[in-house]
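To start, the structure under review is shown below, and the notes come after it.
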Amino acid sequence: MSDQQQGNNDDSNNKNQLNINLSEEVAQGIYSNLAVINHSSSEFILDYIRVMPGMPQAQVKSRVIMTPEHAKRFLNALRDNIEKYEEAYGEIEVKKQGRGPDMPMNFGGPTAQA
């Protein structure tokens with residue numbers, strides 16, 4: 001194969017590649033210990049919340065809005081990654097009490113449901 005033909009193949013491969021930039025601020029991440037998910041016919045809304053001990057109020061730290069198709073792709077990717085995690089480190093235990101999962105903190109009232 002000539003250099004020119006090889007170059008053309010590289011160009012077509014580059015067209016299918018996505019370069020993703022990650023700023024330092026975004027790379028720090030947002031800690032969340034509660035997610036609330038809502039949807040309409042056209043979108044899924046994921047609110048990521050941080051519940052702090054001793055605080056009666058929690059704050060949404062990040063909101064992600066995606067199409068139903070992308071929500072399904074996200075679900076499949078998360079499922080795949082959890083399977084890989086559990087193969088490497090063992091099963092993730094999810095403790096349940098009553099109707100829903102335990103919250104990380106209990107403020108004396110009923111446990112919140114998500």
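What follows draws every value from the coordinates through simple rules; no lab data is involved. Please read these numbers as outputs of a predicted model, since none were measured by experiment. Positions of Cβ are backbone-derived with ideal geometry, glycine not excepted, and every protein chain shown enters the neighbour counts.
Could you give the nm distance between label points at ALA77 and HIS39, where each point is 7 Å from its Cα heading toward the beta carbon?
Taking the simple label geometry, ALA77 and HIS39 are separated by 1.7 nm.
Can you tell which of PRO68, GLY90, LEU78 lies farthest toward the positive end of the dipole of segment 28-91, using +1 and -1 charges on the Cβ of basic and acidic side chains (Lys, Arg; Asp, Glu)?
The residue sitting most towards the positive pole is PRO68.
Which lysines, if any, have their Cα less than 29 Å from the Cα of LYS95, not counting same-chain residues under 8 positions apart?
Within the straight-line limit of under 29 Å, LYS95 reaches these lysines: LYS61, LYS72, LYS84.
Output wanted: per-residue J couplings in Hz (rounded whole) for segment 84-89, from phi through Karplus 6.51 cos²θ - 1.76 cosθ + 1.60, θ = phi - 60°, x for Gly and Pro.
Taking θ as phi minus 60°, the curve returns 5, 4, 5, 5, 7, 10 Hz for segment 84-89.
Taking θ as phi - 60°, what are the ³J(HN,Hα) couplings along segment 77-82 by the Karplus curve (6.51, -1.76, 1.60), each to the nearest whole Hz, with x for Gly and Pro?
Rounded to whole hertz, the list is 5, 5, 4, 4, 5, 5.
Along Cα→Cβ, 7 Å out, is where each label goes; now give me the distance between the ones at HIS70 and GLU93 in nm to one decimal.
3.7 nm
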